[in-house]
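J.: Before I ask anything, here is the structure I am working with.
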Amino acid sequence: MVEMKLDVENVILILCRNFGFRQLYDDCVGQVVEVDPKEAYFYSAIVGSTYLNDIYYPFSPKSLQKVFNSAFSYNLITGLFDLDEGGKPLLRNSPSIHQEEYPFIANDPKYILPIEVDKSSNLLAIRSEIYSDLTKADKNPCNYLITTIRKNVSGYSMEPFCEYVACRYFRDLGYITENQIPLYYGLGTPDFGAFRLPELLDILVEKRFIDKGCFLIELASLSAFGFQNEERRSISNSTELTVGEVKTGARKTQINKYLSAEVFDKGFEMFPNGRLVRRRSGLITFDEQGKILVLEPKEYPKVDPEKQAKYLMWLENYLKYYLLANLSLQQLRCFLQEEARLRFWSTNEMIKSVNRLSFSRIVDAVAQHLALRKI
């Protein structure tokens, strides 16, 4: 095992070595990582890297797109949805709404710019200087995302970056992934989850919503970024639920607490500095070249089939809300009235209606609406 300090050099190395992104030298700001607009949006949503659209109020969708905060629960929280002044549900932070508010998110290549700061650093001054340099060079600052590496903090506060790396790794293997996933009250919030759900994935791939796996927020982004290309890939026929915990500083994790829910088939701890694998959880780390290194658990945790079946039912419903976020509020109301006997517009009625509909019917409806809009 090697210690991988998440400084500027290694952050760039990890992104390019594992995910095929391109490292470029920018004559204004130095080394950057080029990504397409869609990937940049997901990166920002997970890591919290901010677009340099504004010096004082830079945009990031991080923490704005949650739906529920507990498994088995359907208590709507402010995030992807919200309530209007009359207490009725509305869409608040969907990718299409963000695209309307910040049109630059869907245009032009984007550049991830890691910068190192310490206790004495003035982030406002740093952003201001970078913004000024880019503007003088006739470059669009909105196309740059700043990833802050806090050198004065243990682990450099890079847990969100590692959450992105873990989610992207499992996404590429054909999983639906999310960071800061809902679990049960009292068990905490796992840093990431990876869900291999063959029947649902097959439906999503068939409609070209995804090519293999996806970030969860990717399901809500079709109206902003469009469909996948025509290429389709085979999906595994085995269901698997994975949970993970990230630590870049302290070594103690809560992975055993998450596994005690008895719904996950595997657990992983992610330590960039490497450590020995535990008996019931695997290890995710990096080798000397920055490649992701995964060690499988020595033993698999106890799974209660009944609990897992209930969790899978909740998870299927959970995904529906992200898919429906591709619609406008009016389209959503009309669809639920026609297809699910929605009586009146309220949070409880919306949730009952969504949960009543099949996953495939919702996918079909979203595909039809987007086709009409020529997405």
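Just so you know, all these numbers are worked out from the coordinates, no wet-lab data involved. Every value quoted in this text rests on a predicted model; they were computed, and no experiment measured them. Reconstructed Cβ throughout: ideal geometry from the backbone, glycine too, with neighbour counts over all protein chains shown.
J.: Given Cβ point charges of +1 (Lys, Arg) and -1 (Asp, Glu) and nothing else, what value in debye, to the nearest 20, does the dipole of the stretch 167-315 about its Cα centre take?
T.: Dipole about the Cα centre, nearest 20: 540 debye.
J.: Follow-up question, since we're still on this one. About the Cα centre, and with charges only on the beta carbon of Lys, Arg (+1) and Asp, Glu (-1), how big is the dipole of the chain? Nearest 20 debye, please.
T.: 920 debye
J.: Same structure again: Of P198, I146, I210, which is farthest on the positive side of the dipole of the stretch 140-266, counting Cα position, with +1 on Lys and Arg Cβ, -1 on Asp and Glu Cβ, and the Cα centre as origin?
T.: Farthest towards the positive pole: I146.
J.: Another one. Residues with beta-carbon under 13 Å from that of R127, excluding R127: net charge, scoring Lys, Arg +1 and Asp, Glu -1?
T.: -3
J.: Ignoring everything except DSSP H segments at least 4 long, calculate the 222 nm mean residue ellipticity for the chain; use -39,500 (n - 2.57) per segment, divide by total residues, nearest 500.
T.: On the way: 12 runs with 131 residues, N = 375.
Rounded to the nearest 500, the figure is -10500 deg cm²/dmol.
J.: Highest first, please rank the peptides 202-215, 153-166 by the mean number of other Cβ atoms sitting within 10 Å of their residues.
T.: 153-166, 202-215
J.: Mind checking which lysines have their C-alpha under 18 Å from K352, skipping anything on the same chain fewer than 8 residues away?
T.: Of all the lysines, those that pass the test against K352 - Cα under 18 Å, at least 8 places apart if same chain - are K88, K310, K320.
J.: Tell me, how many Å apart are the Cα centres for the stretch 99-144 and for the stretch 257-332?
T.: Taking the Cα centre of the stretch 257-332 as reference, the centre of the stretch 99-144 is 33 Å away.
J.: How many nm separate the modelled label positions at R280 and S154, each set 7 Å beyond the Cα in the direction of the Cβ?
T.: The two pseudo-label positions are separated by 2.4 nm.
J.: Which whole-number value in Å³ per residue fits the convex hull of the alpha carbons of the stretch 239-375?
T.: Output value, Cα hull per residue: 168 Å³.
J.: Give the peptides 97-105, 254-262 in descending order of average Cβ contacts within 10 Å, highest first.
T.: Averaged packing, sorted descending, gives the order 254-262, 97-105.
J.: Next up: In straight Cα distance, which lysines are under 22 Å from K298, not counting same-chain residues fewer than 8 positions off?
T.: Output for K298: K247, K252, K257, K266.
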